[in-house]
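Written below as structure tokens is the structure these notes are about.
The values are calculated or read from the model by the stated rules, or taken from the named source; none is laboratory data. Just so it is clear, the model here is predicted, and its values are computed rather than measured. Note: ideal-geometry Cβ built from the backbone for every residue, glycine included; neighbour counts use all protein chains shown. The area values use the complete protein model at the heavy-atom level, side chains included, leaving out ligands, DNA and RNA. Shrake-Rupley method; radii C 1.70, N 1.55, O 1.52, S 1.80 Å.
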Amino acid sequence: MRAPAVAITFILLLAAVSTALPEERVTAAGGYVTIYHRDRYREMALRVADLIDESAALMANQLGISRIDSIDLYIAPGREEYNRLYPGSIPEWSEACSHPSDMTICINADAVLKSQRPLRIVLRHELSHILLAQRVEGARCPRWFMEGVAMIQSREWSLTDQWEFLLAVWQKDCPYLDDLTGSFPPGNRRAAYMMSYFAVRELLSEREEDLMTLTAFTRDLGDFNRAFFLTFGETPQDFSARIDVLIKDKYRNILFLAASTPFWSFMVLLFLAAYLLKRRRSLGKLREWEEEEKEAFGENGIDPAES
Amino acid sequence: MEPRAGDSVVVGMSGGVDSTYAAHSLVREGLTVAGLTLRFFSGMGQQQESLDELAVKRARHICERLDIEHIVIDAGELFRGRVVDYLVRSYGSGATPNPCVTCNRHIKFPLLAEAADRLGAGWIATGHYARVEIFGEKPVIAAASDRNKDQSYFLYRLTPEILERSIFPLGRVGKDEVRAALEDIDLPARERESQDICFMGEEGLEGFLEARLAPSPGDVLNTRGEKIGTHRGSCFYTVGQRKGLGVAAGTPLYVIRKDTDRNLVFLGEGEELLSRKAVCRDIVLTERLMEMPLRGKIRYRHGPARVENLIISKDEMTVIFTEPQRAVTPGQSLVLYRGDLVAGGGIITGDGKR
């Protein structure tokens, strides 16, 4: 009974995807990505092809991949087609999604055009998920690791993110890393992404190449936790605890200080002192110029050339 | 396989903090523990023999406190033949050897295993800061969780047969935890710790080599081949050494290389010590771990550096680092790491420059 049911599901899914397939295709240089799109998205498709040419090889190299498997990329015009490609599995608000199991990326063109996130970042983020899955050959990795790696590879971290992260830490809104192995909490998704980025950055801060080792061990052993231990000498759980302490040490104290009255009193005094010093210097300079003018143009200070 | 309560283990006991902790933690885990102290220095003179005496006395005291059996084995002859002779020969040929690597490979661990076999114990243990991990269904040495104390560098030549029955209780703890644990049970935790070369007495390395190699003075040259001083014997100098050269110059000078056949020591500036290459002999490699990225450590106190490429022939390995490394010293071991796992290593013969 089970085999026919699987086959029917597969055929239905295939049918759903093929009816949604746009009619034109562009193949990115390198030969490993095929982009499917409608005519009016040709410009975007070409831009996507350029971005893949620019980024994919370097990103693959960071993960230790020498040859990228073929990837299908769909540019869906809007939410309707985007959702039809992978019904029920993607959040409506997302600009793009990736399905590592069948090596596909789907871009919601409408959302990308309206989004503040540049296409470059959106694409790199999804590409990173695909490449990571290829590297670990489908072995399961915790969500925080996948998202953290994707954010690092897409260079998706700004001063605003840094500030938001600081606030999240201060307000104790930052999730515990070990709670982010599966789906991110819906109400705290942003902090979860930032936490993932922070953790992976910290993990690779000393030895960037450990990313290759960890993913290779994960591939060989099929067990992320074991691979993590063999690479870093600590378990992911110990790492989570360490990150928690690190964040508290690094940020919470700074923010606590920034929120205290003595700190702001000190800052006000510092600004006042700086202002008075600057004013004194300006007055000194002014007096100096007056003296010079007196010497040059006499007591009345009028330049004969201007009079 | 993990040791379980009731299993028997023989622990190498030097009377120091680390081996004491190893024995104590295994007793606490419910294993049947016996302590083994090796007399390494018998026949090497009164001073060295007194070091043995002290170790035996302390280890016996600790075993009594832990209420475990204590065994003493005389390893003097073996030690002289495999370690001391090797050390003297290496210095005589211009190298700077790691006697601990040789001792672990040929003396300490094989004798522990022998003693364990005689006592019917399945396990052996020492107070090294290292771990044994199973990778590809076989045991490999891994760096200790406390990276500052990690001693996996000294253990890279241990065979899989030895590793599969080895326990390193300090592999996942820090020095502070060791001291605290021993203070809690009032075991002596502030006593002697391992030295660089354990059998050097008051004479020091120079006196030791002087008595055995009869070195003669020779010329100190700069890298252009001009004489700039006189040395006391080339065996007293190590590549990378700066102090005690007896040569005054405007810029700091270092030992760049030695020519033992002609009894010459060459000095040069710091930059001349840099090399991206290290050539090794006597290589041992764990095939299943030989995948990039690898890191290489060219001496014990060296932050492992990223390896760009490896060229392996039948009995030689050339390691090319991504960045130049300072003072690639003949005689030292180069140990390769993949993540925290030891992938292999070899004895450095040169930096491939000359």
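Odds and ends about this structure:
- Single match in A:Glu290, A:Glu295 (criterion: in a helix (DSSP H, G or I), surrounded by fewer than 10 Cβ atoms within 10 Å (Cβ to Cβ), outside the structural domain of A:Phe198 (by TED's automatic domain parsing) and at pLDDT below 85): A:Glu295
Listed here are the residues, each with its yes/no results for (1) under 20 Å from the mean Cα position of the chain (by Cα); (2) modelled with pLDDT of 95 or more.
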| site | (1), (2) |
| --- | --- |
| B:Phe109 | yes, yes |
| B:Ala113 | yes, yes |
| B:Ala116 | no, yes |
| B:Ala125 | yes, yes |
| B:Ala143 | yes, yes |
| B:Phe154 | yes, yes |
| B:Leu163 | yes, yes |
| B:Leu182 | no, no |
| B:Ile185 | no, no |
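- Selected residue [surrounded by fewer than 20 Cβ atoms within 10 Å (Cβ to Cβ) and within 14 Å of chain B (Cβ to nearest Cβ)] from A:Ser94, A:Ser70, A:Ser66: A:Ser66
- Considering the range A:112-181, the qualifying helices (runs of 4 or more DSSP H), each wholly inside and each with 2 or more residues that are at pLDDT 90 or above and surrounded by 14 or more Cβ atoms within 10 Å (Cβ to Cβ), run over A:119-135, A:143-153.
- Residue within the range B:303-321 that is part of a strand (DSSP E or B), within 24 Å of B:Ala143 (Cβ to Cβ) and acidic (Asp, Glu) present: yes
- Residue check: B:Ile347 meets all listed conditions (1) under 25 Å from A:Leu211 (Cβ atoms); (2) outside any loop (DSSP other than H, G, I, E, B) but one, namely (1).
- Within the range B:312-354, considering residues that are buried (at least 23 other Cβ atoms within 10 Å of the Cβ) and in contact with a Pro (Cβ under 7 Å, 6 or more places away or on another chain), the one farthest from the other protein chains (Cβ to nearest Cβ): B:Ile348
- One residue alone among A:Ala216, A:Ala227, A:Ala241 is in the same structural domain as A:Trp144 (by TED's automatic domain parsing), more than 17 Å from A:Cys141 (Cβ to Cβ), in a helix (DSSP H, G or I) and over 20 Å from the mean Cα position of the chain (by Cα), and that residue is A:Ala241.
- Breaking point among (1) under 28 Å from B:Arg212 (Cβ atoms); (2) open to solvent by less than 20 Å² (accessible area, probe 1.4 Å); (3) at pLDDT below 95; (4) assigned to a helix (DSSP H, G or I), for B:Thr20: (1)
- Subset of the range B:145-166 [open to solvent by less than 20 Å² (accessible area, probe 1.4 Å) and not charged (D, E, K, R)]: B:Ser152, B:Tyr153, B:Leu155, B:Tyr156, B:Leu158, B:Leu163, B:Ser166
- Candidate set from the range B:257-274 (those that are under 18 Å from B:Pro324 (Cβ atoms) and open to solvent by less than 10 Å² (accessible area, probe 1.4 Å)); member that is nearest to the other protein chains (Cβ to nearest Cβ): B:Leu273
- Restricting attention to the range A:196-210, the residues that are more than 10 Å from every other protein chain (Cβ to nearest Cβ) and either without any contact (Cβ under 8 Å) to a residue 24 or more places away in the chain or assigned to a helix (DSSP H, G or I) (or both) add up to 9.
- Screening B:Asp176 on (1) in contact with a Ser or Thr (Cβ under 8 Å, 6 or more places away or on another chain); (2) free of Cβ contacts under 8 Å to residues at least 24 places away in the same chain shows it passes everything except condition (1).
- Selection within the range A:216-235: residues that are open to solvent by less than 20 Å² (accessible area, probe 1.4 Å) and touching a Pro at 6+ places or on another chain (Cβ under 7 Å). The member of this set that is nearest to the other protein chains (Cβ to nearest Cβ) is A:Phe228.
- Condition check for A:Thr213 on (1) within 9 Å of chain B (Cβ to nearest Cβ); (2) open to solvent by 30 Å² or more (accessible area, probe 1.4 Å); (3) among the β-branched types (Val, Ile, Thr): one failure, at (2).
- The residues of the range B:232-246 that are in contact with a Lys or Arg (Cβ under 9 Å, 6 or more places away or on another chain) and either within 13 Å of B:Gly331 (Cβ to Cβ) or buried (at least 17 other Cβ atoms within 10 Å of the Cβ) (or both), listed by number, are B:Ser234, B:Cys235, B:Tyr237, B:Thr238, B:Val239, B:Gly240.
- Some residue of the range B:297-308 being touching a residue at least 60 places away in the same chain (Cβ under 8 Å) and within 14 Å of chain A (Cβ to nearest Cβ): yes
- The single condition among (1) open to solvent by 20 Å² or more (accessible area, probe 1.4 Å); (2) under 19 Å from the mean Cα position of the chain (by Cα); (3) free of Cβ contacts under 8 Å to residues at least 24 places away in the same chain that B:Pro169 does not meet is (3).
- Selection status of A:Thr19, modelled with pLDDT under 90, within 18 Å of A:Ile130 (Cα to Cα) and polar (S, T, N, Q): no
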